[in-house]
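Beneath this line is the structure, given in structure tokens, with notes to follow.
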Amino acid sequence: MILAIASGKGGTGKTTVAANLAVCLPEPVHLLDCDVEEPNCHIFLNPEIKSTERFTLPFPTVDENRCNGCGECSNICQYNAIVSLKSKPLVFPELCHGCGGCSEVCPEEAITEAKREIGTISSGTWRHITFVQGLLDVGQSLSPPLIRAVKQHCGTNGITIIDCPPGTSCPVIAAVTKSDYVVLVSESSPFGLHDLDLAVDTMRKLDLNFGVVINRVSSLDHRVADYCRNAQIPILLEIPDDRKAAEAYSQGLLLVESVPGFRELFERLYNRILSESSQNRKPTPENKRDFEDIA
Amino acid sequence: MKEMVVISGKGGTGKTSLTASFASLNGKSVIVDCDVDASDLPLVLSPVTERMEYFKSGHEAVIRKDDCVACGTCMDKCRFDAVHEARRYGRPSQFTIDPLSCEGCGVCVHFCPSGAIDFPEQVCGQWMVSETRYGPMVHARLAIGAENSGKLVSTVKTEARQIAEERKLPWIIVDGPPGIACPVIASITGASMALVVVEPTLSGVHDMERVFALTKHFNIPTLVCVNKWELNPRIAGEIERGALSAGASFAGKIGYDSSVTAAQIKGIPVVEYGGPAAQDIRRIWQNIEKRMESIEIPTVMEV
């Protein structure tokens, strides 16, 4: 099962839920940190990194001797990454999405693809957890390809947990697609509620099955819980607003191992996810294809 | 024109609460919300929208079902796994493109032998010019799963600069998105100064170091403030020292104060709600003003 931990708003506790849940799961567990701009899971797990590879994206290089200056390459490029002047086209690698269009259209076969490095994928283990993390290089803007590459490391059996980036735009879509269940982490505040609503819209648009964990629950604001009840979204867990938990987090400690009562909370969360994800399962694309086959 | 952008790397450290308070304290600025994914500043500043524009950017490939001969060329050419295949009697019968995975590269459109793929321009969101009690505000809403958040951020910032010039407002205060990639780079481009809001946690420190590398990369003078410093006074101290040794200035620290959440629930800036945190934020704003005076403001760069 692939379990994505996401949220509209940043800093609601995605990493806390991902890391603490991973520790409470029976093996085999894979934990993929797909928040490649600011990955933090490693702070709580201290995994032993066994392999590190640089991640590259293709970008075009032009053979000047073959180029006839026809401009087909810059016509097809939607990102202004290759601009044809009278002579050899100019290439702007940082704008390139690596679609391969320019090399495909070039009538002179003058364009080949070179590779540029945009980040690192490291993997290792900690206790029974297989850990994989993507880290985008500072100054790079394109994170979805790296996120997709990290997701190639999903486990074939057991549970894979994906710690997602915040928001609702393309990096989040890259991280949550093809997961079996999504845990949306929100916090009990007006900002938390507003951004949860956006995240819920996103999950519905993606047709994903999901539930909500409400973090920092206090007596001040009940609107997130009320919202979930009204929208008939399962509340998987409510984590109390606890200064001790915040302090443990600040030191990079796992809550399930440093704050009394939290292991029980996360074990309950695991059981709740198991029962929720087995209910009202949406048909997967594979299933849909089967239905059409029969039709 | 003084342009200050509030960023953090890690999300949820208090960027929006601080930005709202700065807007209230300054009162002569254009306010910009560049967190186009999850725009929360309007919840505090209650803007009244006067103008709304659709943000069109890029194209999306759409297969015309009736003209598709199910040859599969689009699927072979697509590098983004955006083409799905429906099968009938074990053979491909129909190809469709998943709009959320499509990056709008147009390669399938070009190579489709039947010319069966349309390539309409896409509406990726909307942006608004509004009025608040503290000055004009430019904010936006990116469509769910849309690409080009960086371009929407640049659009919003260009509009803000124009308004600042027209209305002779000396400050632009920008609420930035979390992270360090596309929309953040667009948010800090051309800014006179960046304020990094950090919580004293190991994650916060880790993310702050990457943000420093980013502002250094783009050569933007950087200030740092610590939010909820009592959570871990030792790490708060490390952040202050780390900031200075990285060439950033330290703007101050804000206490762990429940009035910050209370102000958010009431929908007003913290400095108007009062409490110890409000005092801390006032001091930080004074430091920002002081630091801004010492920065030579370059002529505004075009994004």
Rough spin-label spacing in nm, given labels placed 7 Å along Cα→Cβ, for A:Ser219 and A:Lys178: 4.8 nm
Candidates B:Pro120, B:Pro269, B:Pro47, ranked by Gaussian network fluctuation over chain B, Cα under 10 Å, top entry: B:Pro120
On C-alpha positions alone, give me the angle between the axis of helix A:285-294 and the longest principal axis of chain A, in degrees, nearest 10. 80 degrees
Could you work out Rg/(2.2 N^0.38 Å) for chain A, with Rg from alpha carbons only? 1.16
By how many degrees, 0 to 90 and rounded to 10, does the Cα axis of helix A:262-278 deviate from the longest principal axis of chain A? 60 degrees
Rounded to a whole number, what is D in µm²/s for the stretch B:61-119 from Stokes-Einstein with the Kirkwood radius over alpha-carbon pairs (25 °C, 0.890 mPa s)? 219 µm²/s
Contact order relative to length for chain A, counting C-alpha pairs under 8 Å separated by 6 or more residues, stands in percent at 25 percent
Provide B:Met292, B:Met4 in ascending order of the number of other Cβ atoms located within 10 Å of each residue's Cβ, fewest first. B:Met292, B:Met4
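Please tell me the relative contact order of the stretch B:201-303 in percent, rounded to the nearest whole number, where contacts are Cα pairs under 8 Å and at least six residues apart.
Values: 96 pairs, mean separation 22.1, N = 103.
Normalised by residue count, the contact order of the stretch B:201-303 is 21 percent.
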Residue exposure sequence - B:Val6, A:Val217 - by fewest surrounding Cβ within 10 Å: A:Val217, B:Val6
What does the charge add up to near B:Leu100, with Lys and Arg as +1, Asp and Glu as -1, over the other residues with Cβ less than 14 Å from its Cβ? -3
Using Cα centres only, tell me the gap between the stretch B:38-64 and the stretch B:246-294 in whole Å. 29 Å
How large is log10 of I(q)/I(0) for the protein assembly as shown at q = 0.06, 0.08, 0.09, 0.10 Å⁻¹ when the intensity is taken from the Debye formula with one equal scatterer per alpha-carbon? -0.31, -0.56, -0.72, -0.89
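Which FRET efficiency value, to the nearest 0.05, do you get for B:Glu50 and B:Lys266 by plugging their Cβ-Cβ distance into 1/(1 + (r/R0)^6) with R0 = 35 Å?
Here the calculated transfer efficiency is 0.90.
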Paired Rg and Dmax values of the stretch A:64-109, which use every Cα atom, in angstrom: 9.6, 25
Counting Lys +1, Arg +1, Asp -1, Glu -1, what net charge surrounds A:Ile121 among other residues with beta carbon under 9 Å of its beta carbon? 0
Counting other beta carbons within 10 Å of each residue's own, what order do A:Phe59, B:Phe250, B:Phe95 fall into, fewest first? B:Phe250, A:Phe59, B:Phe95
Gaussian network model of chain B, Cα springs within a sub-10 Å range: biggest mean-square fluctuation belongs to which of B:Asp40, B:Asp81, B:Asp257? B:Asp81
Helix A:14-24 versus the longest principal axis of chain A: what angle, 0 to 90°, nearest 10, using Cα atoms? 70 degrees
Using just the C-alpha positions of the stretch B:1-127 as equal point scatterers, what log10 of I(q)/I(0) does the Debye formula give at each q in 0.09, 0.13 1/Å? -0.47, -0.70
Quick check: Cα centre of the stretch B:126-142 to Cα centre of the stretch B:201-242, how many Å? 29 Å
Any idea how far the Cα center of the stretch A:34-109 sits from the one of the stretch A:134-165, in Å? 19 Å
Derived scalar couplings ³J(HN,Hα) [the stretch A:156-163; Karplus, 6.51 cos²θ - 1.76 cosθ + 1.60; whole Hz; x for Gly, Pro]: 8, 9, x, 10, 10, 9, 10, 8
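Since every read-out is calculated from the coordinates, none of them should be taken as a lab result. Since this is a predicted model, take the numbers as computed values, not measurements. FYI the Cβ positions are ideal-geometry reconstructions off the backbone, even for glycines, and counts take in every protein chain you see.
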